[in-house]
Ligand code: AQP
């Protein structure tokens, strides 16, 4: 039987991915790549929706791809490619933008959040149409499932609406995808500000655990993580967000249940607990970091892998796009 198709991606918006990207996305992707025909993209066109330094963006794109592979996404099993290498993405986004309502796009909460953070002068039209490009990413591959965080749920809903709208106007063209929403327990918070989501492009790096940082740097950040004065290792998001966050990290990485970890550290201080978290994180990151650094040391080989995968992705994407162009009435070039 043919495998169902899965699509997901991350923006190359930092020199290194962070532990939230690893636990919330990469670990899950790694586990899903055998059961699905999986497409994993480094969504560089999405990263352009906020200002980027050109040379840095190129480098971050390679680094992100290297970390996907380092984390176990195998470029021979999954289609791991760079979004801008497949020109069908912005082409389909244009077509989809013509069937997207202005008000509909304006209701996207991520746009509202980001535009209020950046202010009207730096908010680009690209940021506004970001969800339409995301819909194109997903629909080009006739995707069945899209594993995303809770914050992306609304964008996948829009994608489904656009697919259904297009299909009803122009005839059956797109498969309507389903979001697979990660559980809240997969959400990782900033170590210094444990009620805010950890983000790779955070201004303050002291609360962020980067995959490519030196192990000692990450260990220190964990030892300095904000906790509370209560002294008990117990999961309670509302009252003990710092400790709960560390519990989630340790549980996700070791595969152990949170109550078992609570029992293990009952009556012991935060020092011991933090040491255990630091050790687990450092051990988990070590092979990922080593593999990513090895790939980054040979950019020609990495570029070759990405080109092979871009060809694989383009073959599927171009077929969908050609069908879409036909359906909407664009004259075929002979
Ligand atoms: N803190 C997190 N906890 C769990 N999952 C997370 N993800 C991100 N942060 C956490 C998941 O990682 C993937 C990355 O998606 P993205 O690169 O498109 O951007 P994002 O979600 O906005 O991630 P960042 O790290 O916060 O990036 P910046 O700083 O660029 O905005 C998604 O699957 C996301 O759910």
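Where both residues lie in the chain, what percent of DSSP beta bridges are antiparallel, nearest 5? Provide the component values of the computation, followed by the final result.
Working: 3 of 18 bridges.
Restricted to the chain, the bridges split so that about 15 percent are antiparallel.
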Exercise. What is the spin-label model distance, in nm, from residue 260 to residue 214 if the labels are put 7 Å beyond Cα along the C-beta direction?
Worked result: 3.4
Problem set entry | segment 252-294 and segment 92-131: distance between their alpha carbon centers, rounded to Å | 39
Seminar exercise, completed: What helix-only [θ] at 222 nm does the chain give? Using -39500 (n - 2.57) per DSSP H run of at least 4, over all residues, to the nearest 500, the answer is -16500 deg cm²/dmol
For this session: Kindly list the residues of segment 148-167 that lie in the label zone of residue 102, defined by a backbone N under 19 Å from the point 7 Å along the Cα-to-C-beta vector.
Result: none
For this session: State, as an integer percentage, the relative contact order of the chain based on alpha-carbon contacts under 8 Å between residues 6 or more apart.
Result: 23
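None of the figures in this text is laboratory data; all of them are computed from the coordinates on show. Treat the numbers as computed from the prediction; the structure is a model and nothing was measured. Cβ: placed from backbone, ideal geometry, glycine included. Neighbour counts: every protein chain shown.
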